[in-house]
Amino acid sequence: MKKIVFMGTPDIAVPSLKALVENGFDIPLVITQPDKPKGRGQAVQFPPVKEYALTADLEVYQPEKIKNNTEVMEKLKSISPDFFAVVAYGKILPQVVLDIPKTAPINVHFSLLPKYRGPAPVNWAIMNGEEETGVDTMLMDAGMDTGDILLTAKTHILKKNAGELADELAVTGAELLIKTLNEFDNIIPVKQDNNKAVKAPMMSKEMGLIDWSNNAVNIERMVRAFTPWPASYSMLDNKKVKIFKSEVAEISHNAVAGTVIDIEKDSFTIACGNNALKIFELQLEGKKRMDTKSFLSGYKLEKGSVLG
């Protein structure tokens, strides 16, 4: 039975850990990020990986840091794992740690490398208008997602938002991880072409501000890339309004970008630099997220109103 130390933190990593458990791998240790306060009340919450690991009766370890941590090194060496399985752990592992597994440290990465190296590959694939993305398993080295590729699975992005696409890729990644571990001895690693590398840095709330003078196609991609977090937003009557679902409307107009040019029962349309954007789901500051029909029933929006 292969001995696996699992490292992961968010929701997207849970299916991989669950698959390891269900496929009978020996998992002596799960390493995840420390608990953090979240929400308005700042109540301390467990990372999703920890929540699942505890239900599976697995030992959970949450070091504040990995680099230059003697305790981490001694703990991992005492386990003597065959593999590390790393899925969105959130920390760079130094080479001295990566050298510990007897066979290999394996990472599940949610893009088609060398495109979208970094912590937000799903978001940037949508933002940049890619038609397809996928999952790679790879051998880990000390770089940022620079290791040799083992196996790949592709999927079409279509009109999925980042949350929907991440959920799909999480399941695909779990399947690919199990296949990689089971077939490892027969897989020939493929080196990445560093000349084709594209970075995928972390998204921030500030990056979500919509520039209505942009092309409606680009804004619609941005809305999907930022849903559910950190959310694309604009200002309406001095209040922040987050946009969660939209659609490009191929309309010629001479309105100022950001102007509401049409209102229907279940949507309203905003002029963009090129074409326009229909809004179907949003959240006004201080209110719950809702569909536009519900929003319009309680908010007096008029043609000519300007967002920005």
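The values are calculated or read from the model by the stated rules, or taken from the named source; none is laboratory data. Small disclaimer: the values here were computed from a predicted structure and weren't measured. Using ideal geometry, Cβ is built from the backbone for each residue, glycine included, and neighbour counts are taken over all protein chains shown. Just so you know, the surface numbers come from the protein's heavy atoms only, side chains and all, with ligands and any DNA or RNA stripped out. Shrake-Rupley method; radii C 1.70, N 1.55, O 1.52, S 1.80 Å.
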| field | Filter pass, Glu220 being part of a helix (DSSP H, G or I) and either polar (S, T, N, Q) or open to solvent by 60 Å² or more (accessible area, probe 1.4 Å) (or both) | value | no
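Each row is one residue, and each column tells you yes or no for (1) assigned to a loop (DSSP other than H, G, I, E, B); (2) surrounded by fewer than 19 Cβ atoms within 10 Å (Cβ to Cβ).
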| site | (1), (2) |
| --- | --- |
| Lys245 | no, no |
| Ile251 | yes, yes |
| Phe280 | no, yes |
| Gly286 | yes, yes |
| Gly304 | yes, yes |
| Qualifying position, being of a type outside the set (Asp, Glu), open to solvent by less than 90 Å² (accessible area, probe 1.4 Å), assigned to a loop (DSSP other than H, G, I, E, B) and more than 15 Å from Phe6 (Cα to Cα), among Gly90, Gly41 | Gly41
| query | Residues of the range 159-207 being over 18 Å from the mean Cα position of the chain (by Cα) and assigned to a loop (DSSP other than H, G, I, E, B), which ones? | reply | Glu183, Ile187, Ile188, Pro189, Lys191, Gln192, Asp193, Ala197
| task | Would you mind stating whether Pro189 is touching a residue at least 60 places away in the same chain (Cβ under 8 Å) and surrounded by fewer than 21 Cβ atoms within 10 Å (Cβ to Cβ)? | result | no
| request: Please go through the range 240-259 and pick out each residue that is more than 18 Å from Asn218 (Cα to Cα) and touching a residue at least 24 places away in the same chain (Cβ under 8 Å). | output: Lys240, Val241
| note | Being assigned to a helix (DSSP H, G or I), within 26 Å of Val122 (Cα to Cα) and touching a residue at least 60 places away in the same chain (Cβ under 8 Å) narrows Lys18, Lys50 down to just Lys18
| query | Just to be sure, is Glu206 touching a Leu at 6+ places or on another chain (Cβ under 8 Å) and surrounded by fewer than 16 Cβ atoms within 10 Å (Cβ to Cβ)? | reply | no
| task | Go through the range 24-52 and count every residue that is touching a helix residue (DSSP H, G or I) at 6+ places or on another chain (Cβ under 7 Å) and within 16 Å of Ala170 (Cβ to Cβ). | result | 4
| said: Can you find, within the range 10-34, the residue that is most open to solvent (accessible area, probe 1.4 Å) among those that are touching a strand residue (DSSP E or B) at 6+ places or on another chain (Cβ under 6 Å) and of a type in the set (Val, Ile, Thr)? | reply: Ile27
| If you scan the range 109-142, which residues turn out to be of a type in the set (Ser, Thr, Tyr) and in contact (Cβ under 8 Å) with a residue 40 or more places away in the chain? | Ser111, Tyr116, Thr137
